[in-house]
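Below: one structure, written as structure tokens.
What follows draws every value from the coordinates through simple rules; no lab data is involved. Since we're looking at a predicted model, the values are computed, not measured. Reconstructed Cβ throughout: ideal geometry from the backbone, glycine too, with neighbour counts over all protein chains shown.
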Amino acid sequence: MKSITRDGSKWVPEYLAAIDEKICIGCGRCFKVCSRGVMHLHGVDDAGEILGICDGEDDDFDGELNRMVMVVDHAGRCIGCGACGRVCPKNCQTHVAADQIAA
Ligand code: SF4
Ligand code: SF4
């Protein structure tokens, strides 16, 4: 597959593959710049277990919530624009270039 920009220049998408939940601070910046719904904030308990997606402002998972992290839950939607990586203050994302992924 050959990817190009509008002017015909070569473009290699860099897909978001993973977020290190131990480093992520759940700031939400990546979510705000992503137009594709690739990742969502999830709650984490004291033991580090993922409790589920945070879909309400006062969702504390019955008191179990310790912190929030961003989870890549729809990786297949990513178009590899790289915007999420540019705004992340913790450099906790892993991106994979399209030409490094086996067809
Ligand atoms: S690379 Fe672009 S499309 Fe993919 S998750 Fe990041 S912001 Fe969304
Ligand atoms: S921008 Fe980085 S630190 Fe902030 S929620 Fe996204 S992955 Fe986590």
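What percentage of all Cα-Cα pairs in the chain are separated by more than 22 Å?
Working: 1897 of 5253 pairs.
For the chain, the fraction of Cα-Cα distances above 22 Å is 36 percent.
Using Cβ counts within 10 Å as a stand-in for footprinting exposure, how do ASP20, ASP7 rank, fewest first?
With the fewest neighbours first, ASP20, ASP7 line up as ASP7, ASP20.
Over the chain, calculate the relative contact order: mean separation of alpha carbon pairs under 8 Å at least 6 apart, over the residue count, as a percent. Mind dumping the intermediate values first?
Values: 176 pairs, mean separation 41.8, N = 103.
This gives 41 percent for the chain.
Could you size up the charge dipole of the stretch 17-93 around its Cα centre, putting +1 on the beta carbon of Lys and Arg and -1 on that of Asp and Glu, and report it in debye to the nearest 20? Provide the component values of the computation, followed by the final result.
On the way: 8 positive and 13 negative charges, 178 e Å.
For the stretch 17-93, the charge dipole is close to 860 debye.
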